[in-house]
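Structure, as structure tokens:
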């Protein structure tokens, strides 16, 4: 990263504010392994379809669909929580997934993920990714320039952010509106896939208004003895982080089991 | 652990209590990757045959991390938990060592510019020194605590005044981080492998942006060409402050350490002019 400290801070200003201690939740993470071979077979089969020529299907697209279908059953995990005593219901499932574009992560939101087919998810994902790749440098430059060159104005914005963060919880209608605006940019539920990076375990920090988020880990080969012969099978690590103020491990475990079931039986639950 | 006087013990732990104060703990994310240690262990055995300085797995991890940090300088910088970063070009690795009832700290300076033997030699000498002086330090601190009753509140008050002053003076803040670096190095590796710990989580505290936790070496079964084989693996757990860095960036750094350990002849070389 060849950037000055000031440029890095300006680039990450939104993230620093998002992870402000007033927004951070007491996060608990639970893990489960899903047998991934049926999903890999489905991916290969779908990629032979005519519709996949436009946009190839990846394992990530199947996981997004599996999660959206599990959220339909446990819609509570899609709601917004203000970190105190209010929960704002949310029936639209817009899953966001961060993508690694070098210095800065970019989030891609798939609107109404549960209502889309895997082909549609793949298409929307790739279309948005291309759009983001095209504009990210210009957008980031504009944002950094604003922070560094228009210091007076940016200080006012920062002051307002600081004030709004503390005042919003006192006005539920304002807070609700703020969460709705945020949904456009960060959706209603996050699925982070770190599998390609080789991450075998991860514990995250949840920030409001999310109640839970799914972390997808790398696949691993598990050797077991079948008919007196060693057999290697592929499993995918899943980690669910949740806010312990409003969810307990048992509820979270049941939700994660549904995601696991959908991934292990994709033909039944994801098509 | 036998504590004869709880207040003496608290006085001894003042720096840790302060380190983990609410204001300094950041939003922590942990990401773990696995390293095949087969080549590293073979390389260590070869080195130990040819030299009278005993190289440990920890020495190799320190060196591999130091070399990887040359490509990820941001992780040695200091972050104040708000909107300031303080750069440095020093790669000084701090390693906590187990000294019985006390926590010892070793700081290995300019790790990238040292050979693995120099690092091995320094850690051995440092560890001996910590062990020899640990009991004396415990007794000295207990004496001070008993003699000057108001010392603990006075230290807390002075520290808090410094904290307030840094809100208004960037120079003061820079000076404090400079002193912090001199005492504590620029990057922390916590290796609990020797204790048999196979996974652990802890919070990140400012001014660190990323810290490294290392687990014990475990045997893992793999199936290669129909044959079952055991390989030694170690977990590298990257602990990051999500305000300043992301999992992907941190994992790229972890993968550089992994590469250095899996290809030790190249990865553990002394680096010049980086």
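Any read-out appearing in this document is the output of simple, stated calculations on the displayed coordinates, not a laboratory observation. Since the model is a prediction, treat every value here as computed from it, not as a measurement. Glycine gets a Cβ as well: all are built from the backbone with ideal geometry, and neighbour counts include every protein chain shown.
Of A:206, A:42, A:231, the sequence from fewest to most neighbouring Cβ atoms within 10 angstrom is A:231, A:42, A:206. Against chain A, whose longest principal axis is taken from its Cα atoms, helix A:59-73 shows a tilt of about 80°.
Computed from the C-beta positions of residue A:47 and residue A:134, the FRET efficiency with R₀ = 22 Å rounds to 0.30. Extents of the protein assembly as shown, taken as max minus min of Cα coordinates on every principal axis and listed largest first, are 74, 65, 49 Å. Against chain B, whose longest principal axis comes from its Cα atoms, helix B:247-262 is set at around 50 degrees. Applying 1/(1 + (r/R0)^6) with r as the Cβ-Cβ distance of residue A:32 and residue A:224 and R0 = 22 angstrom yields a FRET efficiency of 0.80.
Each of B:168, A:19, A:171 was scored by other Cβ atoms within 10 Å of its Cβ. Listed from fewest to most, they are B:168, A:171, A:19.
The Rg/Rh ratio of chain A, with both radii computed over alpha carbons and Rh defined as the Kirkwood radius, is 1.00. Structural descriptor for the stretch A:167-219: relative contact order 37 percent, calculated from alpha carbon pairs under 8 angstrom and at least 6 residues apart. Relative to the longest principal axis of the Cα atoms of chain B, helix B:151-168 runs at roughly 80 degrees. With both labels modelled 7 Å from their Cα along Cα-to-Cβ, the residue B:198 to residue A:249 distance reads 1.8 nm.
Treating r as the C-beta distance of residue B:183 and residue A:164 and R0 as 35 Å, the FRET efficiency rounds to 0.35. By the count of neighbouring beta-carbon atoms within 10 Å, fewest first, B:101, B:92, A:91 end up ordered A:91, B:101, B:92. Entry note, the stretch A:5-269: relative contact order of 33 percent, from Cα contacts under 8 Å with a spacing of 6+ residues. Less than 14 Å from a label point 7 Å out along the Cα-to-Cβ axis of residue B:109: which backbone N atoms in the stretch B:78-94 qualify, by residue? The answer is B:89-94, whose backbone nitrogens lie closer than 14 Å to the label point. Solvent-free Debye calculation, one equal scatterer per alpha-carbon of chain B: log10 I(q)/I(0) at 0.16, 0.17 Å⁻¹ equals -1.34, -1.46.
By its C-alpha gyration tensor, with a ≥ b ≥ c as the square roots of the eigenvalues, how is the stretch B:61-137 shaped: rounded for a/c under 1.5, else prolate for a/b larger than b/c, else oblate? Here the stretch B:61-137 falls in the oblate category.
Residue separation of residue B:10 and residue B:45 scaled by 0.36 nm, minus their Cα-Cα distance, works out to 8.4 nm of gained length. Residues considered: B:142, B:40, B:78. Largest GNM mean-square fluctuation over chain B, using C-alpha springs under 10 Å, is found at B:142.
In the calculated pair distance distribution of the stretch B:147-274, what percentage of Cα-Cα distances lie above 18 Å? Considering the stretch B:147-274, 72 percent of its Cα-Cα pairs are separated by more than 18 Å.
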